[in-house]
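Rule-based calculations on the coordinates, nothing more; no lab input. All values reported here derive from a predicted model rather than from experimental measurement. Because the Cβ atoms are built from the backbone with ideal geometry, glycine has one as well, and the counts that use them run over all protein chains shown.
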Amino acid sequence: MKDYKENYGMYKDLKTILPKVIENIEANYKNDFDNEKQYVTTDFKGINFKKGNLIILASRPCLGMISLALNLLLNIVTKKQKAAGYITCGNQDEIDITKKLLSIKSEIPMNKIRSANLNVNDVKKLSEISDGFWNQPIFINDSPNIFFEEFELAASLMVEQQNVEIIFVDSYEYLREVVDADKEELPFVQRTLLEEYKQAAKDLNIPIVMLMNLPRSDNDEPSISDFKANMIIPRTADVVYFLHRERIKDDRKRCEATLSTGKDVNGRNTYSNLYFYPETGLFKDCTEE
């Protein structure tokens, strides 16, 4: 029994843990949350992404998580003049993503753009927005069920060739390793995969923001407990954000939403109040109005 415990590391001496804790405290002490050498800022109050971090953006299904990611991307590109990448590996392709960007920026409802049910003013506005997008440094990869090796190559090229400073990955459950994993091996696969993405963020010195759906629920705000058997996810991530809003059951054009911190190794707790416009996918900081 003694050999078994020694070989499998059943416990650790506190003195082996303390150096990591001290290092973390010192790093947080030196944090400057508004310093653009350390962070990619988004123009939403309190929402800045630290370079080298793996960040989880999670929500219940169908609450606008992809739209929020695209709003953040647009702010980073158009207001902060930073290049950004978007990797969509689920059922959205480059055409879908670009239409969403046009809807958010033009504030023309997505269903009008999809159906081409546009008036003269809509066409003129979309033409102007498209012209404005022409030289914007936004780079999209729409490989479905992407392997980590494919992501690593695409991300490296975006950073090296286009100076991309942040990459969004949509969405976790469609990553090839997760799709192919048996139930029994999934915890090990997730641990390995998340560590690889985390190391890629460090090596490229950019934030990698991974979008992740949580279990459905009609009432409860999301929390770390939603991960349950998959606790390796928040444990590995540097930051976990939760998007929450009520499900609209009437004809309102706008509803309130929140983006809150579930975990942040950098020492910041965020609770941002947002407005969401479901027809266009637009998010606005409540402090703007």
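A few remarks follow.
- Approximate spin-label separation Glu36-Glu221, in nm, with each point projected 7 Å along Cα-to-Cβ: 3.2 nm
- Dipole of the chain computed with +1 at Lys/Arg Cβ and -1 at Asp/Glu Cβ about the Cα centre; of Leu259, Leu157, Leu73, farthest Cα towards the positive end is Leu259.
- Estimated at 0.36 nm per residue, the fully extended path between Glu160 and Asp96 surpasses their Cα-Cα distance by 20.4 nm.
- Radius 10 Å from Cβ of Thr258, net charge of other residues (Lys, Arg +1; Asp, Glu -1): -1
- Label sites at Lys20 and Glu149, each approximated as a point 7 angstrom past Cα along Cα to Cβ, lie 3.0 nm apart.
- Spatial separation of Cα centroids for the stretch 161-200 and the stretch 134-155, in angstrom: 13 Å
- Amide N proximity, the stretch 42-80 versus Cys255 label position 7 Å along Cα-to-Cβ, cut-off under 15 Å: 59-68
- Anchor Lys51: lysines whose Cα lies under 21 Å away (excluding residues fewer than 8 positions away in-chain): Lys20, Lys30, Lys37, Lys79, Lys80, Lys82, Lys198, Lys202, Lys263
- When Cα Rg over 2.2 N^0.38 Å is computed from the coordinates, the matching label among (1) 0.99; (2) 1.14; (3) 1.06 is (3).
- Only the Cβ atoms of Lys and Arg (+1) and of Asp and Glu (-1) were treated as charged; on that basis the dipole of the chain about its Cα centre amounts to roughly 660 debye.
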